[in-house]
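First comes the structure, then the notes that go with it.
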Amino acid sequence: MLAKKLSITNFNFRNEEERELFRNQEEAVLAERKGKAIADLKRDGLLDEDGKFVFEQDLPDDMKPESLADFKH
């Protein structure tokens, strides 16, 4: 196992083991950031305990889930 922290500039992308270590390292960082963001949103009252958004005011019509105003149409 490597002692250094891998970055996009110092890992050998041709080495399968280093690619896997780099990916695992980055996924761990992202999971930590995601957990912190979720905790912050819950603390601020924007997410409930199930992870669903809680709104204190009505959304504009074009932002409601049933709206057709999205990038698909």
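The values are calculated or read from the model by the stated rules, or taken from the named source; none is laboratory data. What you see is a predicted model, and the numbers here were worked out from it, not measured in a lab. Using ideal geometry, Cβ is built from the backbone for each residue, glycine included, and neighbour counts are taken over all protein chains shown.
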For the stretch 56-68, state whether one or more residues are modelled with pLDDT under 80 and assigned to a helix (DSSP H, G or I). yes
Evaluation of residue 39 against (1) surrounded by 10 or more Cβ atoms within 10 Å (Cβ to Cβ); (2) touching a Lys or Arg at 6+ places or on another chain (Cβ under 9 Å) (one fails), failing number: (2)
So which of 36, 5, 42 is of a type outside the set (Ser, Thr, Tyr) and in a loop (DSSP other than H, G, I, E, B)? 5
Cβ-Cβ under 6 Å pairs, at least 6 apart or on other chains, the stretch 1-15 side over 17 Å from residue 27 (Cα atoms), far side at pLDDT 85 or above: 12/18
Scope the stretch 16-36; condition surrounded by 12 or more Cβ atoms within 10 Å (Cβ to Cβ) and out of contact with any Lys or Arg (no Cβ under 9 Å at 6 or more places or on another chain); matching residues: 18, 19, 21, 22, 23, 26
